[in-house]
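These notes concern the structure reproduced below.
The values are calculated or read from the model by the stated rules, or taken from the named source; none is laboratory data. Everything quoted here is computed from the prediction, not taken from an experiment. No Cβ is skipped: glycine too gets one built from the backbone with ideal geometry, and neighbour counts run over all protein chains shown.
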Amino acid sequence: MNFIISILFSGFAVSTLILIPWVGVGAFDLRVLFGVIVPYAAMATFFIGIIVRVIDWGKSPVPFRIPTTAGQEWSFPWIKSNPIDNPRGTGGVIVRMILEVLLFRSLFRNTRLEYRNADGGLKVDYEWEKWLWLAALAFHWSFLVIFLRHFRFFMEPIPSFVHLLDSLDGFLQMGVLPFNGLGVPCVYISDLLMLAAVTYLFFRRLYIPQVRYISLPADYFPLFLILALGLTGVLMRYFLRVDITAVKELAIGLFKFSPTVPEGIGVIFYIHLFILSVLIAYFPFSKLMHFAGVFLSPTRNLSNNNRFVRHVNPWDYPVQTHTYDEYEDEFRERMIEIGLPVEKQIEPKEEPKEEEKE
Amino acid sequence: MADTPKPDELAKIDHTPPVFRGWMDTQPEIRPGIACYGSKSKDLKYVDMPNPRDWSPFDDDWKLPENWEETIHEGFKDRLGRFRSFKLFMDICVRCGACADKCHFFIGSGDPKNMPVMRAELLRSIYRKKFTVGGKLLGRLAGARELTEDALKELWYYLYQCTECRRCSLFCPYGIDMAEITIMGRELTNLVGLNIDWIAAPVANCYRTGNHLGIQPHAYKDMLDFFTDEIEDITGLRMEQDLNRKGAEILFITPSGDVFADPGTFTCMGYMMLFHYLKSLGLDITWSTYASEGGNFGYFTSHEMAKRLNAKMYAEAKRLGVKWILGGECGHMWRVLNQYMDTFNGPADFLEEPVSPITGTRFENAKTTKMTHIIEFTADLIKNNKLKLDPSRNDNLKVTFHDSCNPARGMGILEEPRYVIKNVCNNFYEMPPSTIREQTFCCGSGAGLNAGENMELRMRGGLPRANAVKFVHEKHDVNMLACICAIDRAVLPNLMEYWVPEVDVTGVHEMVANALVFEGEKKRTTDLRGEPLPGMEDEEDV
């Protein structure tokens, strides 16, 4: 299997997923299925799945405290320690985790190998490479902003933070068409950022040979899915306008557990909703679980305090060791000869030994 | 033993993996020079490890036990249930590739399966097939594959090309630690008797004689006596050491490599001289022949084996009735002591919180393990002005410092060695920031891979480290690579000879002892290596 098969498979899978609601709603008018049943099933899978996974991880204990230390440990008052990258206690761990989760601190360390072996000289460099970090940050944060902005569809009245986000996100006031007006809304920065970041994350998988080699369909599939989600959203907002009032009626109905399926919402909405449903249903079974896993990672969420706070292994069991007595029994004679102290002297059996020598 | 290619040959490395051929479709050739010899029957038998037999990885038949698949499957399941780290690291990798070019083995070999993510995927693919729904249903499309004999061989080949240095885990956004995965993977290989000789033999030795090299108690004493004579030649003072002495205040444990081969032996002489120096200031210390190993090759075998070997330290401290333990310069030893020992074999409630008898400093950071690193101990002595030092005796040295992986990324002991070095020598230069401290590069021979038959692998793995040394050698004329690790002292000389022959290797306490000015010593003309001190080149050596 190579990257072509991986991409074709993932692309085919996502295309099929787009076709399903298109045909389902467009040709067979299965609005209840795609507007109510599928979203509910997906949400249930999402929440139950995540809980099951996290509990499953949690069931495995952490027998040893194994943080990756990334700075000077706490030792003497006159040596400056690094309380965040080598945390001594919970406070440091919390800061370390916050920086990790919100700012991707470890990824920020990233460098790129530059290996040149020409003109008789070997040159190995580790160069500046923040693009992955930047794209990851742009992607995750814009995704979050877009998600929060969507609350204006789920809630009535619209919460004030959504208004605030809306105006911040849309401050460019730029029309999508060369001219403003004609009812085309202003462009959100988060939309542009997310699409750009996802596109970059896809192209780097193709472009960087090592990343291309390690990529699986499980890497392309969620990227394509998210790209499709974003594109259908953008289409709906800027080009193929749908009846927002009806959409909101459906969304609020879903969240209030009294679903209604209004008439006249365009198929594009059902495609958008279906892709979202697939994404969240796929979530608990996929690498996307990294969002929960990062909190549990023992190399990051533990303090480096093993030498002064005891850590207990819940499944610890006694093991067989080679005791000092066994050791001395084997070497006693030679230990005595060379003048090493021993626990037991050799019992006086010297005399018969003389006879044996004959 | 395979011939190691010449440096300029070996440096021709292509880091581009095949374009169209996926990794599941390539089976590596198990190559001499890269792979180590298989474990011997007698060594596995001695410590009751499964499937003892003589075997070779270069043969087609690895003499696996009948039910090896089931054994590994069961062992896998068991470990997923016992280690959250393992389970999590099997599940959450997104294959972003940040770790790919961080591994010294990938940099030095270009073998794509030496990318940490790829090495982990070798195991993950088996995990997916056995334990995940997606893997069972979709197979290869989900990155899953069967545990075949070929897959096992490939896995083995690459698990024993990882030195558990944790550099990848530093860059991973989720902290996925290849060292942890390698530890688990190696546990699995050990369930079916697939250890390497260079790990299994030291383990058996250590179990029996107390140290990896199999040095028996009388021989151990002989060696210290020999060093005592050497030291007397250099300083005119007789610096006898105590062994197995009950009632001492402190037990000293160092890797056995330090008493065995140059340049570790000079570090060992350094410890001896320091202890002698401090005797009149109130140091009451003993060595032990039973706990005569700081390192722990059991840690490269399984957690259980690590615990079995580590047990000697506390057992001996208890038997001798000491108050606390001082540990020598060693790398993985300190990861075990810092992150495992108390959990393995504690609580050491029969010991006391370490206090320096010379300065009165309490080593609060060793409150429960009761074990202090000698570099902390010495740094504290220097800070409190307890040592009379003449750093000019090391003026012939231009020193750089190699952070060993485990003290750096499994402990965080970065400043103390630098503080000590700067006080005992006048010329100190750092290597580039991306190659030191927490980003340090491995010597290429850790985690039991410091054998002789895999020299090509070691020279490849050590390339990034050597390249950084070469940089400071060319820029600042550096001629001495200092380290606080016995494996480093054993393997870096080979690495330097291969890549940067002008640079030698030393432990930090060798330089301390060179600089240490003793009351009543004769005029020193040579350093511990018997080479003339700066300005003494013309002096007659008596």
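Taken together, the residues in the stretch B:15-30 that are surrounded by 11 or more Cβ atoms within 10 Å (Cβ to Cβ) and either small (Gly, Ala, Ser) or within 10 Å of chain A (Cβ to nearest Cβ) (or both) amount to 10. When A:Ser81 is tested against the conditions (1) buried (at least 19 other Cβ atoms within 10 Å of the Cβ); (2) in a helix (DSSP H, G or I), the lone failure is (2).
Do we have B:Val472 as more than 17 Å from the chain's Cα centre (by Cα), hydrophobic (A, V, I, L, M, F, W, C), surrounded by fewer than 24 Cβ atoms within 10 Å (Cβ to Cβ) and not in a loop (DSSP other than H, G, I, E, B) here?
Working: more than 17 Å from the chain's Cα centre (by Cα): yes; hydrophobic (A, V, I, L, M, F, W, C): yes; surrounded by fewer than 24 Cβ atoms within 10 Å (Cβ to Cβ): yes; not in a loop (DSSP other than H, G, I, E, B): yes.
For B:Val472, the condition - more than 17 Å from the chain's Cα centre (by Cα), hydrophobic (A, V, I, L, M, F, W, C), surrounded by fewer than 24 Cβ atoms within 10 Å (Cβ to Cβ) and not in a loop (DSSP other than H, G, I, E, B) - is met.
Selection of the stretch B:480-518 for residues being part of a loop (DSSP other than H, G, I, E, B) and without any contact (Cβ under 8 Å) to a residue 12 or more places away in the chain yields only B:Pro501. Is the stretch B:277-286 home to any residue that is at the interface with chain A (Cβ under 9 Å from one of its Cβ atoms) and surrounded by fewer than 24 Cβ atoms within 10 Å (Cβ to Cβ)? Within the stretch B:277-286 (the criterion being at the interface with chain A (Cβ under 9 Å from one of its Cβ atoms) and surrounded by fewer than 24 Cβ atoms within 10 Å (Cβ to Cβ)), the answer is no, since none of the residues qualifies.
Just to be sure before I move on: is A:Ile51 among the β-branched types (Val, Ile, Thr) and either farther than 28 Å from B:Phe20 by Cβ or not assigned by TED's automatic domain parsing to the domain that holds A:Phe285 (or both) in the structure I sent? When the stated conditions are applied, A:Ile51 passes them. Contact map, the stretch B:391-407: residues that are in the same structural domain as B:Ala179 (by TED's automatic domain parsing) paired with residues that are hydroxyl-bearing (Ser, Thr, Tyr) and in a helix (DSSP H, G or I), Cβ distance under 7 Å, separation 6+ or inter-chain. No pairs are found.
State whether one or more residues within the stretch A:22-40 are among the hydroxyl-bearing types (Ser, Thr, Tyr), modelled with pLDDT of 95 or more and under 23 Å from the mean Cα position of the chain (by Cα).
Going through the stretch A:22-40, the residues among the hydroxyl-bearing types (Ser, Thr, Tyr) turn out to be A:40.
Going one step further and asking which of them are modelled with pLDDT of 95 or more, we end up with A:40.
With the extra rule that they be under 23 Å from the mean Cα position of the chain (by Cα), the set shrinks to none.
No, because not a single residue in the stretch A:22-40 is among the hydroxyl-bearing types (Ser, Thr, Tyr), modelled with pLDDT of 95 or more and under 23 Å from the mean Cα position of the chain (by Cα).
Could you please let me know if A:Pro318 is touching a helix residue (DSSP H, G or I) at 6+ places or on another chain (Cβ under 6 Å) and either in a helix (DSSP H, G or I) or within 10 Å of chain B (Cβ to nearest Cβ) (or both)?
Judged against the criteria, A:Pro318 is not a match.
Applying the set (1) within 14 Å of chain A (Cβ to nearest Cβ); (2) in a loop (DSSP other than H, G, I, E, B); (3) modelled with pLDDT of 95 or more; (4) within 30 Å of A:Ile4 (Cα to Cα) to B:Phe89 leaves exactly one unmet item: (2). Please determine whether any residue of the stretch A:326-340 is touching a Gly at 6+ places or on another chain (Cβ under 9 Å), more than 30 Å from A:Val54 (Cα to Cα), part of a helix (DSSP H, G or I) and within 14 Å of another protein chain (Cβ to nearest Cβ). Checked against the condition, which is being touching a Gly at 6+ places or on another chain (Cβ under 9 Å), more than 30 Å from A:Val54 (Cα to Cα), part of a helix (DSSP H, G or I) and within 14 Å of another protein chain (Cβ to nearest Cβ), the stretch A:326-340 yields at least one hit. Taking helices (runs of 4 or more DSSP H) as the structural unit, those lying wholly within the stretch B:131-222 and holding at least 2 residues that are touching a Lys or Arg at 6+ places or on another chain (Cβ under 6 Å) and within 13 Å of chain A (Cβ to nearest Cβ) correspond to B:167-171, B:178-191. For the stretch B:421-477, the set of residues classified as more than 12 Å from every other protein chain (Cβ to nearest Cβ), of a type outside the set (Asp, Glu) and on the phi > 0 side of the Ramachandran plot consists of B:Gly444, B:Ala447, B:Gly448, listed by residue number. Restricting attention to the stretch A:89-136, the residues being buried (at least 18 other Cβ atoms within 10 Å of the Cβ), more than 9 Å from chain B (Cβ to nearest Cβ) and in a strand (DSSP E or B) number 0.
Scan the stretch A:250-301 residue by residue and report those that are under 12 Å from the mean Cα position of the chain (by Cα), in contact (Cβ under 8 Å) with a residue 24 or more places away in the chain and facing chain B (nearest Cβ under 9 Å). Quick ask: steps written out before the conclusion?
Filtering the stretch A:250-301 down to residues under 12 Å from the mean Cα position of the chain (by Cα) leaves A:283-284, A:286-297.
From what is left, the residues that are in contact (Cβ under 8 Å) with a residue 24 or more places away in the chain are A:283-284, A:286-289, A:292-296.
Those that are under 12 Å from the mean Cα position of the chain (by Cα), in contact (Cβ under 8 Å) with a residue 24 or more places away in the chain and facing chain B (nearest Cβ under 9 Å): A:Ser286, A:Lys287, A:Leu288, A:Met289, A:Ala292, A:Gly293, A:Val294, A:Leu296.
The single condition among (1) out of contact with any Ser or Thr (no Cβ under 6 Å at 6 or more places or on another chain); (2) within 14 Å of chain A (Cβ to nearest Cβ); (3) in a helix (DSSP H, G or I) that B:Thr289 does not satisfy is (3).
Take the stretch B:45-67 and flag every residue that is free of Cβ contacts under 8 Å to residues at least 12 places away in the same chain and not charged (D, E, K, R). Write out each step before concluding.
In the first step, residues of the stretch B:45-67 are kept if they are free of Cβ contacts under 8 Å to residues at least 12 places away in the same chain; the result is B:45, B:48, B:59-61, B:66-67.
Passing the criteria: only B:Asn67.
Put simply, of B:Glu353, B:Glu293, B:Glu329 the only residue that is in contact with a His (Cβ under 6 Å, 6 or more places away or on another chain) and charged (D, E, K, R) is B:Glu293. For the stretch B:10-33, the criterion of being touching a Lys or Arg at 6+ places or on another chain (Cβ under 9 Å), in contact (Cβ under 8 Å) with a residue 40 or more places away in the chain and farther than 30 Å from A:Ser6 by Cβ is met by at least one residue.
In the set (1) touching a Ser or Thr at 6+ places or on another chain (Cβ under 9 Å); (2) more than 15 Å from B:Ile181 (Cβ to Cβ); (3) facing another protein chain (nearest Cβ under 7 Å); (4) buried (at least 22 other Cβ atoms within 10 Å of the Cβ), B:Gly38 fails one condition alone, (3). Yes or no: the stretch B:398-409 includes at least one residue that is surrounded by fewer than 23 Cβ atoms within 10 Å (Cβ to Cβ) and over 30 Å from B:Ser56 (Cα atoms). Yes, that holds for at least one residue.
Here are some residues: B:Thr182, B:Thr163. Which one is in contact with a Ser or Thr (Cβ under 8 Å, 6 or more places away or on another chain) and within 30 Å of B:Lys40 (Cα to Cα)?
Numbers: B:Thr182 fails: in contact with a Ser or Thr (Cβ under 8 Å, 6 or more places away or on another chain).
Criteria check complete, one pass: B:Thr163.
Taking the stretch B:444-469 as the range and being of a type in the set (D, E, K, R) and assigned to a loop (DSSP other than H, G, I, E, B) as the test, only B:Glu453 passes.
When you scan the stretch B:127-136, do you find a residue that is touching a Pro at 6+ places or on another chain (Cβ under 7 Å), modelled with pLDDT of 95 or more and not assigned by TED's automatic domain parsing to the domain that holds B:His303, even just one? No.
Within the option set B:Glu304, B:Glu364, being surrounded by fewer than 20 Cβ atoms within 10 Å (Cβ to Cβ), of a type outside the set (Val, Ile, Thr), closer than 22 Å to B:Asp43 by Cβ and facing another protein chain (nearest Cβ under 10 Å) holds for one residue only, B:Glu304.
Against the conditions (1) of a type outside the set (Phe, Trp, Tyr); (2) more than 14 Å from chain B (Cβ to nearest Cβ); (3) surrounded by 14 or more Cβ atoms within 10 Å (Cβ to Cβ); (4) touching a residue at least 40 places away in the same chain (Cβ under 8 Å), A:Ala41 satisfies every one except (3). On the basis of being more than 10 Å from chain B (Cβ to nearest Cβ), at pLDDT below 95 and in contact with a helix residue (DSSP H, G or I) (Cβ under 7 Å, 6 or more places away or on another chain), does A:Val14 make the cut? Taking the combined requirement at face value, the residue does not satisfy it.
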